[in-house]
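Engineer: Structure below; questions to follow.
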Amino acid sequence: MKKNSNPYLPMPVTIKKIVIENQAKDLKTFDLVFDKQEDAKTFMFVCGQFAMVSIDGVGEAPFGIASSPMDKGMVQVTVKRYKKGIITTALHNLEEGAKIGLRAPFGNGYPMKDLETQNILLLGGGFALTTLRSVAMYVLHKQNRSHYGKLTMLVAARDPGEILYKNDIAEWLERKDVAIVQTIDSPAKGWSHKVGFAAAVLKEMAPLSKETYALVCGPGIMIKTCTDVLLALGFSPERILNSLEMRMKCGIGKCGRCNIGSKYVCCDGPVFSLKQLRELSKNY
């Protein structure tokens, strides 16, 4: 976000493209382009940060940014429609060309500079893969790839129809500089990849902890179980980075609904190392 900008004032954006991501058709990725050239030129963010998306007369809600900082002039968000979700339902009912608002970026994001020269392990569950997709796209960009070590991704979903970003994954599978493991909860017809919960597959993968950072984003139970496996594999709490984006609320720490101990997820997170979380609360 440009300096001295009003954090309460949305930037006008247009929905340029909508992609249905899953078989249930309740997950869509929205490509948002800035209406004002000034906003397009000055907007900057870090992988892992999030945006507040607003619709006039309806309201706003927070979503992790799914695009890469290398994609200039646009922002992507992937939105799951909930039956009682006023904002998510309204977004899903919009068509390409619709005008909406964007307040962003918020939160701290992943420490991409600290991750340079290191191996990166991405662990994503369900539609929480969004901000990890941002990391993968950033690391794999031709201007950045040489700055990072080995990139490994574990993509977990309930069933094949819930695997996000299928086109991206297909492209990444063709590359020799990234390793991707896909898993679903239960066996399914035609599925040729792993079967099992993320933690069990992670244990089977047994990634080396040396010079590796693990970035975890998913449901609470997945974060906990995968964290336990990572610790058993020798990962230090400082090198386990958890995204608590499910706790995001107003974006600027004013509503007080996202606090963990003395910290606000909207301002001090959503990315915390396991070491930080342990110091904040036993029940994060």
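Engineer: Among the residues of the range 187-195, is any free of Cβ contacts under 8 Å to residues at least 12 places away in the same chain, part of a helix (DSSP H, G or I) and out of contact with any helix residue (DSSP H, G or I) (no Cβ under 9 Å at 6 or more places or on another chain)?
Structural biologist: Checked against the condition, which is being free of Cβ contacts under 8 Å to residues at least 12 places away in the same chain, part of a helix (DSSP H, G or I) and out of contact with any helix residue (DSSP H, G or I) (no Cβ under 9 Å at 6 or more places or on another chain), the range 187-195 yields no hits at all.
Engineer: On the given criteria, is residue 101 in contact with a Cys (Cβ under 8 Å, 6 or more places away or on another chain), touching a residue at least 60 places away in the same chain (Cβ under 8 Å) and outside any helix (DSSP H, G or I)?
Structural biologist: no
Engineer: I'd like the residue in the range 123-163 that is among the hydroxyl-bearing types (Ser, Thr, Tyr) and outside any loop (DSSP other than H, G, I, E, B) and, out of all such residues, is nearest to residue 182 (Cα to Cα).
Structural biologist: So the residue we want is 152.
Every residue, every condition in (1) crowded, with 17+ Cβ neighbours inside 10 Å; (2) assigned by TED's automatic domain parsing to the domain that holds residue 138; (3) touching a Lys or Arg at 6+ places or on another chain (Cβ under 6 Å); (4) within 23 Å of residue 248 (Cβ to Cβ), yes or no:
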{"residue": "24", "(1), (2), (3), (4)": "no, no, no, no"}
{"residue": "30", "(1), (2), (3), (4)": "yes, no, no, yes"}
{"residue": "38", "(1), (2), (3), (4)": "no, no, no, no"}
{"residue": "71", "(1), (2), (3), (4)": "no, no, no, yes"}
{"residue": "78", "(1), (2), (3), (4)": "yes, no, no, yes"}
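Engineer: Still on this structure: Take the residues in the range 65-84 that are in a loop (DSSP other than H, G, I, E, B) and in contact with a strand residue (DSSP E or B) (Cβ under 8 Å, 6 or more places away or on another chain), then tell me which one is farthest from residue 136 (Cα to Cα).
Structural biologist: 81
Engineer: Scan the range 143-181 for residues that are over 26 Å from residue 208 (Cβ atoms) and basic (Lys, Arg) and jot them down.
Structural biologist: Once the filter is applied, which keeps residues that are over 26 Å from residue 208 (Cβ atoms) and basic (Lys, Arg), the range 143-181 yields 158, 166.
Engineer: Just checking, which of 157, 128 is closer than 23 Å to residue 197 by Cα and either free of Cβ contacts under 8 Å to residues at least 40 places away in the same chain or in contact with a Leu (Cβ under 6 Å, 6 or more places away or on another chain) (or both)?
Structural biologist: 157
Engineer: So is residue 199 under 15 Å from residue 128 (Cβ atoms) and in a helix (DSSP H, G or I) or not?
Structural biologist: Numbers: under 15 Å from residue 128 (Cβ atoms): yes; in a helix (DSSP H, G or I): yes.
The answer is yes for residue 199.
Engineer: Right, residue 271: touching a Phe, Trp or Tyr at 6+ places or on another chain (Cβ under 6 Å) and crowded, with 17+ Cβ neighbours inside 10 Å or not?
Structural biologist: yes
Engineer: Do you know which of the residues in the range 1-33 that are under 28 Å from residue 144 (Cα atoms) and more than 21 Å from the chain's Cα centre (by Cα) is modelled with the highest pLDDT?
Structural biologist: 2
The values are calculated or read from the model by the stated rules, or taken from the named source; none is laboratory data. These numbers were taken from a predicted model, which means no experiment stands behind them. Because the Cβ atoms are built from the backbone with ideal geometry, glycine has one as well, and the counts that use them run over all protein chains shown.
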